[in-house]
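These notes are about the structure you will find just below.
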Amino acid sequence: MAELDLNAALPVLLLLTSLVPAGIIFLLAEEQERTRRVVNMAGALAKVVLTGVLIAGVLGGAEYEWRRALLPGIDLVLRVDPIPLLFVTLSSILWLTTTVYAIGYLEKGQRRSRFFGFFSLCVTATIGIALAGNLVTFLLFYELLTIATYPLVVHQGDRKALIGGRAYLLYSVTGGAVLLVAIAWLHALAGPVEFLDYTPLAGLVDDNATSLTLIFVLLIAGLGVKTALVPLHGWLPKAMVAPAPVSSLLHAVAVVKAGAYGIVRVVYDLYGLALAQELRLLTPLLVLAAVTIVYGSLRALAQDDLKRRLAYSTVSQLSYIVLGVGIASLAGVTGGLVHLIHQGIQKVTLFYCAGNLAKQLGVTRISQMRGVGRRMPLTMGAFTVAALGMIGIPPTAGFVTKWHLGLGGLQAGQGVVIWILLLSSVLNAAYFLPIIARIWFLRPEGEEAGAPVMERDLERDPWLVLPAVVTGLSVLVVGLLAGAPLSPLNWAASIAAEVVGS
Amino acid sequence: MNLLLWLAPILVPLAVGAVLTLRPGRGTSWLLAAAPVPALLLAVTGPVLPAPELPWLLLEPRLALDEPGRVLLGLTALVWIIAGVYGRTEAEQRGGFADWWLLSLTGNIGLLLSDDILTFYTAFVVMTLAAYGLVVHSRTAEARRAGRVYLVLGVAGETLLLAGLLLAAADATGLRMADIAIAVAQSPDRDLIMALLVAGFGIKAGVIGLHIWLPLAHPAAPFAASAVLSGAMIKAGLVGWLRLLPIGVVALPGWSEVLVTLGLATAVLGVALGLTQRAPKVVLAYSSVSQMGFITLLIGVALASPSAAPVAVAAAAAYALHHGIAKAVLFLAVGLLPQFGTGWRRTTLLVGVVVAGLALAGAPLSSGAFAKAWMKQAIDLALPGTNLTTLASLAAVGTTVLMARLLLLLRARLPDTAAVGSAAGLEPFSTLVAATLVATPLVAPALFPALATPGARSLVTEALWPVALGLLLATAAVLLRRRVSLHIPEVWPGDLVVITERAVSGAARGLAAAAPPVTTTLSRTSSAVQAAALALGRRDEGLDRLEDRLTRWRTGGAMVALVALAVTAALLLPAR
């Protein structure tokens, strides 16, 4: 009995590791910097440890589920399934690094109490989304995420931030509403449906194929807002006015990733690959992803503002995941799932580095980045690795994704996928390689030949440098050790085998 | 032990890179020349120990070394060692050089040792991107332009290559190079894959039309880097072809013809374009283009008949060895001449130039004579009754004239007293000159029993007339030049690049004129990418406005509904 209780408690505990710190931090006064740090770090570390326990448990065959009745017939369910565990791991690890980064990034007088409170809340919502065992639970945390993130987006409080925040709110609330309609419709049709239980929907195919298709469309439209699928992406480049730690988390784990994760779950764990194929839902999704990939890259190419370019790059990269969802083959599913992780670590690194540049050198535009490589070698080294990952240059993580998506497309008989991928790679190269060349091979402005400026001070703060270096290295390690037993790739591949087999 | 033998060639350069980054300076820069030594050891011992299996690394890398691989690995290590001795000065003077050098070296060795396409592709890409650092090292405007062209072509090549590899891998039984070669032969998309691989590697090998980066990039780099670019790295394309095309698996007469034609055209046009050049390093770069043409031709020969393939492959490897050493000698000599401008040192360098030049021309008993004899053996075996051998000999006439021109250009150059003296003497250079004489005739027959020992006829008689004719032509040209002013039309280095650049910047200017003047200036536009980005940038404001409008309240809700409707329509229309 005690064993059972613990297994039910673990998912909740995982939520509490960020919910409790959020509560404590809201109560702390602005000046209690040291206490806040301790609480933050303790929560983040506890979450990573708990995730480790969960992984060990799942490997050992344990099941973790927590269930309470919410409304008659509708349960609130938190359950650790394979895909959720993947997402939880990503979230916990990147929450830890981003917490470290945020502590270094935010200075006195920047309302740190409010910031870290909502920050922790935001992660709580993300974990809730990850562990949601049915659509209602998912929606609950999805809406919580919208609310918890808004104060972070408008944190600067200036006009631009408010405009960005408003756009974010409008899109998200509308998307949430569409999602609500879809979920309600589904419940009216099929009763309570849980993830990974395919029987209720499969039984409806014969009589209600059109309704199922329409519900799917509404679900994707609702989730597509956060996933920034074109043409629902407009809020993302505006929301990049948020402080760097928020952008990092927003682009890598929390908001946009929650949307993509939702699509993954709807297709794999709600409808199931077989049903989705039967209803011919995958090809339109593939087309949508392809358009988004190319459009995002083209827009990124034209931006001079570094964070804006990165934002459009997110639009494009996120749809690699959706592209993977649209490819019904083992390698394709693997590629899409593994990109959940790969896009996360790559984009988080890029945003850390962009933040460091803005904070230490006041550099926010690409045209100002001449020769910054020699002034901030560690940060820019991490940036370079992550950018190469975005292009998909081996041996970085991005290449592993690209290879599997391409191979998957061919296996599924959708050869057009490789041309989209290659076009996107070329575009990625066109907007990242010139930056890399500028960083390393141009002299800093105002510097004479042969008189290098060495300002070690720029990289003295470990709170700022360490997260970027660690995640940057991980981009390389994850790619280099893709064949290792617990690598994201093998993990994704084993999930993909289940998804395709089911 | 086998781990050490197989991994040291790849890991030692990386370790040296780490050391040189942490402790740069005179005390450590000699490591630059030591880094390729493990690779040389492996090439010399050969695969005496089985290659280790590394299942947890990047999608299971496989390592292997066949005979052509051994020859090319030996060549690569030798050239990198000797060039490393002279690259030291550069590395000491400016940070970064050693890093790019060693990363390029790692890639270059890695691609020779890899036996699966993912490791191969990784090494290939690492080498290409790292070598960008060598090309732009001098930071001059010229070097940057060369670097830009290099990078655009490099990325294009890698993209074509990846497409080819993916298409082949989708049907292959495994990811080993041999599996892929078989898959290429059997694929329904065979011609597409072949085209992608020929073009992808063709960019690296400088096949005519795709060669445009080469005469810009090779000369732009510091001379030691030029030597490794033209002596060793240029062979990466050959390695790719040897391993991934279905050579010895099926006969592909059509593709054989394409490659033979391309090879001959490259050989001839490389010389012709080179003759118009004034800068010695550019002359050498065009000579590399031309020489790679012969190797391309041999790949075509190998594709003609599976039974003749072993001889053609051996001949290609031997030719690569011969050309690599000779070209490295020439680039080093050109770079060292300003430093050792007087006395016996100058003589030594010029003797080196003459020896290597004669070898490239295929003078009797030189390494070139051997290489060309084997080339003829392969041609006679695979494509008997063609006049290919005669055409190849005519191209050799051109090479002779080109080498004569190089010598004249070098002799006319006055010693540059301001040039920084290299710390190293001429001993390593002389070693390489000696290798020019002996390496190919000794190594190739030992490793490839298929190669017949060339008789006196092919080594002397047949080798003599192209060189003699070439020298005669060169002398005539010089004499003629004294009487009448001979006007050689000047071709810009990088020939087609210049035309492309002008077209692109013209188009960009046209765009700028058409659109109202905006914030960005177009003066610096010179690459297609930049032009495209700027053109897009202008439309960007429109797109921004559009996206702004989309974010407004009323449109927000309406749009979600619209999208939902649109997708529904798309979904319902094709439904049963």
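Brief remarks on what is shown
- Filtering region B:22-51 to residues that are assigned to a loop (DSSP other than H, G, I, E, B) and within 14 Å of chain A (Cβ to nearest Cβ) leaves only B:P24.
Yes/no per residue for (1) part of a loop (DSSP other than H, G, I, E, B); (2) within 14 Å of chain B (Cβ to nearest Cβ):
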| residue | (1), (2) |
| --- | --- |
| A:P192 | yes, no |
| A:D207 | no, no |
| A:F216 | no, yes |
| A:I220 | no, yes |
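- Taken over region B:71-97, residues that are open to solvent by less than 10 Å² (accessible area, probe 1.4 Å) and within 14 Å of chain A (Cβ to nearest Cβ) amount to 1.
- A:V217 fulfils the conditions (1) in contact (Cβ under 8 Å) with a residue 24 or more places away in the chain; (2) buried (at least 23 other Cβ atoms within 10 Å of the Cβ); (3) more than 30 Å from A:A358 (Cβ to Cβ) except for a single criterion, (1).
- Annotation: B:R144 fulfils all but one of (1) part of a helix (DSSP H, G or I); (2) in contact (Cβ under 8 Å) with a residue 24 or more places away in the chain; (3) open to solvent by 20 Å² or more (accessible area, probe 1.4 Å); the unmet one is (2).
- Residue selected from region B:54-65 under the condition more than 11 Å from every other protein chain (Cβ to nearest Cβ) and more than 21 Å from the chain's Cα centre (by Cα), by the criterion surrounded by the most Cβ atoms within 10 Å (Cβ to Cβ): B:L63
- Those residues of region B:275-334 which are β-branched (V, I, T), within 19 Å of B:V491 (Cβ to Cβ) and open to solvent by 10 Å² or more (accessible area, probe 1.4 Å), in sequence order: B:T276, B:V282
- Being among the hydrophobic types (A, V, I, L, M, F, W, C), open to solvent by 10 Å² or more (accessible area, probe 1.4 Å) and within 26 Å of B:P428 (Cβ to Cβ) is true of B:L365.
- So B:L162, is it within 13 Å of chain A (Cβ to nearest Cβ), part of a helix (DSSP H, G or I) and aliphatic (A, V, I, L, M): yes
Okay, residues lined up against (1) of a type in the set (A, V, I, L, M); (2) modelled with pLDDT under 95; (3) touching a Lys or Arg at 6+ places or on another chain (Cβ under 8 Å):
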| site | (1), (2), (3) |
| --- | --- |
| B:V136 | yes, yes, yes |
| B:T140 | no, yes, no |
| B:A146 | yes, yes, no |
| B:L151 | yes, yes, no |
| B:A169 | yes, yes, no |
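- Some residue of region A:361-382 being in a helix (DSSP H, G or I) and under 20 Å from the mean Cα position of the chain (by Cα): yes
- Out of B:G154, B:G206, B:G202, sole residue that is within 12 Å of chain A (Cβ to nearest Cβ) and either in contact (Cβ under 8 Å) with a residue 24 or more places away in the chain or open to solvent by less than 10 Å² (accessible area, probe 1.4 Å) (or both): B:G154
One line per residue, one yes/no per condition, for (1) closer than 24 Å to B:Y121 by Cα; (2) among the hydrophobic types (A, V, I, L, M, F, W, C); (3) surrounded by 24 or more Cβ atoms within 10 Å (Cβ to Cβ):
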position: A:L337; (1), (2), (3): yes, yes, yes
position: A:Q343; (1), (2), (3): yes, no, yes
position: A:T349; (1), (2), (3): no, no, yes
position: A:Y352; (1), (2), (3): no, no, yes
position: A:T379; (1), (2), (3): no, no, yes
position: A:A397; (1), (2), (3): yes, yes, yes
position: A:L407; (1), (2), (3): yes, yes, yes
position: A:Y431; (1), (2), (3): yes, no, yes
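- Looking only at region A:405-441, residues that are more than 8 Å from every other protein chain (Cβ to nearest Cβ) and within 26 Å of A:R309 (Cβ to Cβ) come to 13 in all.
- Scanning region A:72-89 for residues that are open to solvent by 10 Å² or more (accessible area, probe 1.4 Å) and touching a residue at least 24 places away in the same chain (Cβ under 8 Å) yields A:G73, A:I74, A:D75, A:L76, A:R79, A:V80, A:D81, A:P82, A:T89.
- Unmet criterion (only one of (1) at the interface with another protein chain (Cβ under 8 Å from one of its Cβ atoms); (2) in contact with a His (Cβ under 8 Å, 6 or more places away or on another chain); (3) under 26 Å from B:V149 (Cβ atoms)) for A:V400: (3)
- B:I295 passes every criterion in (1) touching a Leu at 6+ places or on another chain (Cβ under 6 Å); (2) at pLDDT below 95 apart from (2).
- Test: residue in region A:10-31 that is surrounded by 15 or more Cβ atoms within 10 Å (Cβ to Cβ) and among the charged types (D, E, K, R): no
- Filtered residues of region B:388-415 (kept if over 21 Å from B:L264 (Cβ atoms), in contact (Cβ under 8 Å) with a residue 12 or more places away in the chain and not charged (D, E, K, R)): B:A404, B:L406, B:L407, B:L408, B:L409, B:L410, B:L414, B:P415
- When residues in region A:473-495 are screened for being more than 19 Å from the chain's Cα centre (by Cα) and away from chain B (no Cβ under 14 Å), 1 of them pass.
- Scope region A:228-286; condition open to solvent by 10 Å² or more (accessible area, probe 1.4 Å), part of a loop (DSSP other than H, G, I, E, B) and within 30 Å of A:D207 (Cβ to Cβ); matching residues: A:L279, A:R280
The values are calculated or read from the model by the stated rules, or taken from the named source; none is laboratory data. Small disclaimer: the values here were computed from a predicted structure and weren't measured. Neighbour counts are summed over all protein chains in view; Cβ atoms, including those assigned to glycine, are modelled from backbone coordinates with ideal geometry. Quick note on the areas: whole protein, heavy atoms, side chains included, nothing else; ligands and nucleic acids left out. Shrake-Rupley method; radii C 1.70, N 1.55, O 1.52, S 1.80 Å.
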